[in-house]
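The values are calculated or read from the model by the stated rules, or taken from the named source; none is laboratory data. Predicted, not measured: the structure shown is a model, and the values here were computed from it. Please note: Cβ atoms are built from the backbone with ideal geometry, for glycine as well, and neighbour counts cover all protein chains shown. Areas reflect the complete protein model, heavy atoms only, side chains present, ligands, DNA and RNA absent. Shrake-Rupley method; radii C 1.70, N 1.55, O 1.52, S 1.80 Å.
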Amino acid sequence: PMRTALLRSSRAVARAAGPAAIYSRAMVVASSALLDAAAGLSELIEANADDGERIRRLPLATVKGLSDAQLFRLCVPEVYGGPEVDPVTMVEVIEAVAHSDGAAGWCTMIASTTSSMASLLPAETAQEIYGDPTSITGGVFAPNGHGVATTVDGVDGFSVSGRWAWGSGTQHCRWVLGGALCDDGTFRLCWFPQTEVTFHDTWYTTGMRGSGSLDYSVTDVFVPAARTIQPAVTRPVVRTPLSQFPNFTLLAAGVSAVGLGVARRALDELVDLAQGKKPQYSSKTLAQSSFTQIEVARAEAKLRAARAFLIDELGSAWDTATTGGEVTVEARTGIRLAATHVASVGAEVADTAFTLAGGTAVYDTSVLGRCLRDAHIVTQHIQTAPKLNETIGKLLLGLDVDTSMF
């Protein structure tokens, strides 16, 4: 009951930002249905999580469940048949999936935030890629020094070659993206059919093992110009509040949502364990230990406060977007600060739960061990890494910062 209340409480927080945040009844109903779908998939996702750790990618049953529920396409515009959720709902859904399995939440986050770029593509191209409800997209924005594109004489397009790391969930994507530096002086994000992509078995990691975030590459693949966008340059074709919401800010919120779900699962696992486990040489259960009680209370307060901070910042910015206003640098700074804080707090909470559980948590069979590893992967993402606080701090202090991709 507490978990359900926390999951749904953010809708009331978002609405409190102002009347513009009270969306149409249809959107509220659709958002609730997506949250219900995420909750309804928990048993399936949890049952397959260990298999995902073993094969180092999401099991097909998990992929099918998430795909059928449209949870890989949360930000696809409604005009292309997508859910087109608000940012608060996106965070809630990703959080719920990550509570079942961090890797599943991570892949949901990557695919859904990638799908937000459908609004930037020419309508015909967007319909081709995103019009099919079974179509999943994912990939890597940064060229990583390896993505290059050469103009092709006589046609409007590029020959692209490159190799990208961190291709989370790309093995189950129909279309795979990669950033490329072009010989016309532009930087473009390119969409490749999965049939043109080569995957490399590089994903051997401590955390997020089931996310399949391996390397992938393409060689001399022709990409029509209409199947590319220029980040921070291309203007939305579909103009909705979501398409006006800063993409990198949306991504940061999504990454932090995974941290929320993983940390909540860690606390839930600890509370369950504490009811019956008696540490060695103790006649009391963990739950009866004053040290456990104090640390659980502190962890709970940290997690709830960090979550409320993120939801409040998102709700306020979305309220502005729905009234046609600009999500300012100040608003983006607040969201990025909240997202970075959530990632750090999530790792702290997972650490606390793991430590309190004692020796039980060290075995591969312990969900707490997986939560610990996954929570620390969230802090390694460039959008939520602790070092981002330097940029945020500069902005808070009124110093000049390039915010074109912030």
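Quick look at the numbers
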{"read-out": "Partners for Lys277 among lysines (Cα-Cα distance below 29 Å; same-chain residues under 8 apart left out)", "value": "Lys302"}
{"read-out": "Cα gyration tensor shape for segment 72-132, rounded if a/c is under 1.5, else prolate or oblate", "value": "prolate"}
{"read-out": "Eligible aspartates and glutamates near Lys394 by straight Cα distance, threshold 16 Å, same-chain separation 8 or greater", "value": "Glu330, Asp402"}
{"read-out": "Mean shadow area of segment 174-232 over all directions, Cα convex hull, nm²", "value": "5.4 nm²"}
{"read-out": "Kirkwood Rh in Å, taken over all unlike Cα pairs in segment 60-203", "value": "15.8 Å"}
{"read-out": "Solvent-accessible area per residue, Å², over segment 245-404 with all protein chains present [probe radius 1.4 Å]", "value": "45 Å²"}
{"read-out": "Residue-normalised accessible area of segment 148-226, given per residue in Å² at a 1.4 Å probe", "value": "41 Å²"}
{"read-out": "Under the Karplus curve 6.51 cos²θ - 1.76 cosθ + 1.60, θ = phi - 60°, whole-Hz ³J(HN,Hα) for segment 268-278, x wherever Gly or Pro sits", "value": "4, 5, 5, 4, 4, 5, 5, 5, x, 6, 10"}
{"read-out": "Share of pairwise Cα separations in segment 329-406, more than 17 Å, in percent", "value": "51 percent"}
{"read-out": "Whether segment 110-168 is rounded, prolate or oblate, judged on the alpha carbon gyration tensor where a/c under 1.5 counts as rounded", "value": "oblate"}
{"read-out": "Whole-percent carbon and sulfur share, accessible surface of the chain, 1.4 Å", "value": "55 percent"}
{"read-out": "Among Pro59, Gln244, Leu44 - extreme Cα towards positive end, dipole of the chain, charges at beta-carbon", "value": "Leu44"}
{"read-out": "Given charges at beta-carbon only (K, R positive; D, E negative), |dipole| of segment 227-383 in Debye", "value": "220 debye"}
{"read-out": "Charge dipole of the chain about the Cα centre (unit charges at C-beta), most positive-ward option of Pro193, Val93, Thr151", "value": "Val93"}
{"read-out": "Between helix 2-15 and the chain: long-axis angle, C-alpha atoms, 0 to 90°, nearest 10", "value": "50 degrees"}
{"read-out": "Ranked packing of 134-140, 104-110, most packed first, by mean Cβ within 10 Å", "value": "104-110, 134-140"}
{"read-out": "Size descriptor, Kirkwood hydrodynamic radius, that averages inverse alpha-carbon separations across segment 119-219, Å", "value": "14.3 Å"}
{"read-out": "C-alpha long axis of helix 87-100 to longest principal axis of the chain, angle in °", "value": "50 degrees"}
{"read-out": "Per-residue ³J(HN,Hα) for segment 288-304, Karplus 6.51 cos²θ - 1.76 cosθ + 1.60, θ = phi - 60°, Hz, x for Gly and Pro", "value": "8, 7, 5, 5, 4, 4, 5, 5, 5, 4, 5, 5, 4, 5, 4, 5, 5"}
{"read-out": "Between segment 85-155 and segment 40-61, the alpha-carbon center distance in angstrom", "value": "21 Å"}
{"read-out": "Residue-normalised accessible area of segment 28-123, expressed per residue, 1.4 Å probe, Å²", "value": "29 Å²"}
{"read-out": "For segment 305-374 versus segment 181-215, the gap between their alpha-carbon centres in whole angstrom", "value": "26 Å"}
{"read-out": "Three-way shape label, segment 206-245, alpha-carbon gyration tensor, a/c 1.5", "value": "oblate"}
